[in-house]
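One structure below.
The values are calculated or read from the model by the stated rules, or taken from the named source; none is laboratory data. This structure is a prediction, so every number in the text was calculated from the model and none was measured. Cβ sites come from the backbone with ideal geometry, for glycine too, and all protein chains shown count toward neighbours.
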Amino acid sequence: MESIAQNVLALTAAVLLSCITPAYASEPPVLDLTKDALRSTGDPPVIPHAVNPAQDGEECNACHRTGSHNAPPTDHPERLNCTSCHVQGELKKEGKAAGKGKQE
Amino acid sequence: MELTRRDFIKASAAAAAFAAVGVSVLRPEEIEAAEAGITWGKAPCRFCGVGCSVLVGVKGGKIVTTKGDPASPVNKGLNCIKGYSLSKVLYGKDRLTTPLIRKGNEMVEASWDEALDLIASKYQKAIAEHGPDSVALYGSGQWTVQEGYTASKLMKGGIGTNNLEVNARLCMASAVAGFMNTFGSDEPMGCYDDLDLGDTYILWGANMAEAHPVLFSRLIDNKLKHPTVRLIDIATRRTRTTKMADEYIPMYPHGDLAALNAIIHVILRDKLYDEAFITRHVSFKRGKENAPYGLKDKEVFNETPADVKPLTFAEYQALMQQFTPQWGEKVSGIAAQKIEELARVYSDKTRKINSLWTMGVNQHSRGVWVNNLLYSLHLLTGKICRPGENPLSLTGQPSACGTTREVGTFAHRLPCDMVVTNEAHRKKTAAIWGVDPGKIPAKVGLHTMEMFRAIDRGELKCIWIQCTNPFQSLPNLTRLRKAAEARKAFIVVSDIYPTKSTELADVILPSASWVEKEGVFGNTERRTQQWFKMVEAPGQSREDTWQLIEFAKRMGHGKLFPYPEKTMHRDIFEEYRKFTIGSGKDLAPYEAYAKVRGLRWPIKADGTETRWRYTEADDEHVQKGEGIKFYKAPGNKVNVWFRPYEPPAESPDQEYPFWFCTGRLLEHWHTGTMTGRVPELRRAVSGATIELHPEDAKLLGIGNRDPVRITSRRGSIVLPAEIGGRGTPEKGNVFTTFFDETKLINDLCIDAFDPLSKEPDFKKCAVKVQKA
């Protein structure tokens, strides 16, 4: 009984494996990208406070470099093109950014 | 501003490098737990020509997340917000999932067989009654290499027409013509490594911070590491790019054509050129002048060998005498003193000079000439083909290079820089395609503007549009939309969402997109990148290659596509690859691309990539001792062209006193069909605005967000004003973006185009501006 169950299990595993590898005449290398994924990020947080639309880089770092005024500190202060990843989101709080905030 | 930047640079001296990937605030165990059950694949980003690599996380048959790919030499783990939104772009609620056929004003669901049978019958009827040139296919720089190759083989080798065009005609055609008539070969000699290795970057009308964000970040990183690096922003408008630049040089629209000539004048006058380099590598040429602007239908203007006159260096210098810095100041708006300075910058032997440009230069009624002049700066000074020192023509779309330019999906082209007008090229192509060489027409087909005008004239009976949105993006849009509404042609549109083009179609076909199919893209720096299919396309949507092949079968050309379904993508690529072997644009075997984050062609005999073309240091086609060799140019001599100043097609006057410029911004891509369906991007930028200079706004009594009516000779529109936002035009200029489908700003644009490249000028026409 046990050996039949084991065979069924092995068969199922084999079938499953054959489903997740791409069907390809000469089998391509299936790159294991899990380690790369672990050391990378997605989903940059949107900006929950008003920002002067012309501000960037150093203005953002005024608070976010060290985390003053309740701003979450950034782990990448050297990246100055902030707004290429962080865009204006729903306004949740007042920001004491350098320059006037934009009211929606 | 100055003080802040200096302080910051000092403070950042010890800061982590760009190469360090942004580390998550979560601990590794937390990430692992959150991402359990996700399988990861790699793919180039679906958006711009930078070609960042992305890690795609799939769970339960759906893309659940994406991340910047840390192993990519292009972006080193960084994306821009569009790239970070990739997991959402394919899941909009109104995704097209069934074929639809027009019945009156209704679009009715149909089967694939019904739709394809109908399309084939319409095409067959048109061909039988009016010949193969009465039908057309209009594709995209967002097509994969396989899609473009199939399209080209079908139209040119099967149906027998060169009426194959792509939206890259609207973005890169001027750059292509500039490459071909200067170097004899398309695409850059340098690569992104130059962004890390150089010290001087001069941007000509390119808002890199928003249009090529990751490349801009790479430049900023270089600046941080090397404080002597200079970024010079020459533009008609202050942007986020300007904020990071060391110097902003404002310029009149179309002024580049004057400024460049004046800078070259100074280089010649003061003998700042590299005589040895010129003697060895440069031919001087004069081409056809008094060019038209493409405003009349069927206007023909070409620069044939008969139109080209060789010049001696002395003759060239004599011709250039007229372009004094004083003249340059009057016409370009750049001060004579600044022109003199720029000549010195460009010829500075102690610095590594790079020029960067895209649409400001290409979408220009003399765009080819401006491309030529930019190359002249580098060729006269010998500052080219060196690591860290090159002119770099940036591209807009993910595969304008890889697909449209390299495969040659244009009215005049064949793969690998070949042209339909050349008999030997047709023969070579026919041999690989397995068709009679007489099948491929020698006559150039309709270029994009003419293609859509031909619909209006009733001469083009059928057009199939794939993966692009011309009925939002073409200039002088009203004329073309009216023609479509009047049902003057049978229109098929393959896309993933309803668009301003699908709404005018007779048949709508649902397409698979990005990682819903296997594919290959090629980016700005000649990097070919491959990806596997990772999720199923929704409903009945199918990839464009499949659509074209099914159509081909019904047209009697099925035997051109004998590829088994399982190996189709590789087989198509390998067949296409044959064109490239030995050409200097050699591609690697398909399997090689699956293993790495792309490879830059030409691929060497040992399978490694080439970073710098035409130099013995890296290009295998250049022998030891030859140094630099432009082996694709006739006689190994590149062309420095004499190009005069000719004015824009339409300039401001009494009645229409403002310059009207159009472009893009960071959050939205092109016509916004994908980005417009991502909630975060919609929230960040919900609609198009019109940017005004604050003084102009004050004179007109316009405040921020006030409705403004902008009117050209072609159309009129109301947009909310944006004053003091991320961009500020110079006085007398207004700027808007074309992503908003509720604001068809291209109604206002003039359909003038560069007569050599046929690329429209989206950057300049005349408007009046009033408070609405």
Inset, instruction - Count, please, the residues in region A:81-104 that happen to be within 24 Å of B:T728 (Cα to Cα) and at pLDDT below 80. - result: 10
Inset, instruction - Look at region A:50-80 and say how many of its residues are under 17 Å from B:G725 (Cα atoms) and modelled with pLDDT of 90 or more. - result: 2
Legend entry - Residue under evaluation B:M155, criteria (1) more than 14 Å from every other protein chain (Cβ to nearest Cβ); (2) in a helix (DSSP H, G or I); (3) surrounded by fewer than 24 Cβ atoms within 10 Å (Cβ to Cβ); (4) not small (G, A, S), criterion not met: (3)
Inset, instruction - Specify which of the listed residues (B:A617, B:A697, B:A633) is surrounded by fewer than 21 Cβ atoms within 10 Å (Cβ to Cβ) and over 25 Å from the mean Cα position of the chain (by Cα). - result: B:A617
Inset, instruction - May I ask you to list pairs of residues, at least six apart or on different chains, whose Cβ atoms are under 6 Å apart, with the first in region B:417-431 being outside the structural domain of B:F179 (by TED's automatic domain parsing) and the second being at pLDDT 95 or above and assigned to a helix (DSSP H, G or I)? - result: B:M418/B:H425; B:V419/B:H425
Legend entry - Yes/no for B:I717 being more than 14 Å from every other protein chain (Cβ to nearest Cβ) and either buried (at least 23 other Cβ atoms within 10 Å of the Cβ) or under 20 Å from B:K768 (Cβ atoms) (or both): yes
Inset, instruction - Could you please find all residues in region A:31-59 being among the acidic types (D, E) and facing chain B (nearest Cβ under 7 Å)? - result: A:D36, A:D43, A:D56, A:E58
Inset, instruction - Starting from residues that are assigned to a helix (DSSP H, G or I) and in contact with a Leu (Cβ under 9 Å, 6 or more places away or on another chain), keep the ones in region B:540-552 and report whichever is nearest to the other protein chains (Cβ to nearest Cβ). - result: B:I549
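Condition check ((1) surrounded by fewer than 17 Cβ atoms within 10 Å (Cβ to Cβ); (2) touching a Lys or Arg at 6+ places or on another chain (Cβ under 9 Å); (3) in the same structural domain as B:I234 (by TED's automatic domain parsing); (4) farther than 17 Å from B:V640 by Cβ) across all residues:
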residue	(1), (2), (3), (4)
B:V282	no, yes, yes, no
B:K285	no, yes, yes, no
B:A291	no, yes, yes, yes
B:G294	no, yes, yes, yes
B:F301	yes, yes, yes, yes
B:K309	yes, yes, yes, no
B:E315	yes, yes, yes, no
B:Q322	yes, no, yes, no
B:E329	no, yes, yes, yes
Inset, instruction - Would you be able to say whether some residue in region B:744-753 is closer than 21 Å to A:Q88 by Cβ and surrounded by fewer than 23 Cβ atoms within 10 Å (Cβ to Cβ)? - result: no
Inset, instruction - Output the residue which, of all residues in region B:575-612 that are touching a Pro at 6+ places or on another chain (Cβ under 7 Å) and over 23 Å from B:P391 (Cα atoms), is surrounded by the fewest Cβ atoms within 10 Å (Cβ to Cβ). - result: B:K595
Inset, instruction - Can you tell me which residue among B:A335, B:A314 is without any contact (Cβ under 8 Å) to a residue 24 or more places away in the chain, closer than 30 Å to B:A209 by Cβ and among the small types (G, A, S)? - result: B:A335
Inset, instruction - Show the residue pairs that are 6+ apart or on different chains and have beta-carbon atoms under 6 Å apart, the first residue being within region B:459-472 and without any contact (Cβ under 8 Å) to a residue 40 or more places away in the chain, the second being of a type outside the set (D, E, K, R). - result: B:F471/B:S501; B:F471/B:L504
Legend entry - strands (runs of 3 or more DSSP E) (entirely within region B:50-133) containing at least 1 residues that are under 32 Å from the mean Cα position of the chain (by Cα) and surrounded by fewer than 16 Cβ atoms within 10 Å (Cβ to Cβ): B:62-68
Inset, instruction - Report the residue count in region B:704-731 for those that are farther than 14 Å from B:E691 by Cβ and small (G, A, S). - result: 3
Inset, instruction - Report the residue count in region B:604-614 for those that are within 25 Å of the chain's Cα centre (by Cα) and farther than 18 Å from B:S72 by Cα. - result: 3
Inset, instruction - Select from region B:388-416 the residues that are in contact (Cβ under 8 Å) with a residue 12 or more places away in the chain, buried (at least 24 other Cβ atoms within 10 Å of the Cβ) and charged (D, E, K, R) and list them in ascending order. - result: B:R405, B:E406
Legend entry - Evaluation of B:T567 against (1) out of contact with any helix residue (DSSP H, G or I) (no Cβ under 8 Å at 6 or more places or on another chain); (2) assigned by TED's automatic domain parsing to the domain that holds B:G160; (3) part of a helix (DSSP H, G or I) (one fails), failing number: (2)
Inset, instruction - With the condition kept exactly as written, say whether any residue in region B:171-192 is away from chain A (no Cβ under 14 Å), closer than 24 Å to B:N79 by Cα, of a type in the set (F, W, Y) and not in a strand (DSSP E or B). - result: yes
Inset, instruction - Among the residues of region B:193-241, write down those that are within 10 Å of chain A (Cβ to nearest Cβ), assigned to a helix (DSSP H, G or I) and polar (S, T, N, Q). - result: B:S217, B:T241
Inset, instruction - Filter region B:539-561 down to residues that are within 19 Å of B:F573 (Cα to Cα), among the small types (G, A, S) and crowded, with 20+ Cβ neighbours inside 10 Å, then give me how many there are. - result: 1
Legend entry - strands (runs of 3 or more DSSP E) (entirely within region B:706-745) containing at least 2 residues that are more than 25 Å from A:N52 (Cβ to Cβ): B:707-711, B:716-722
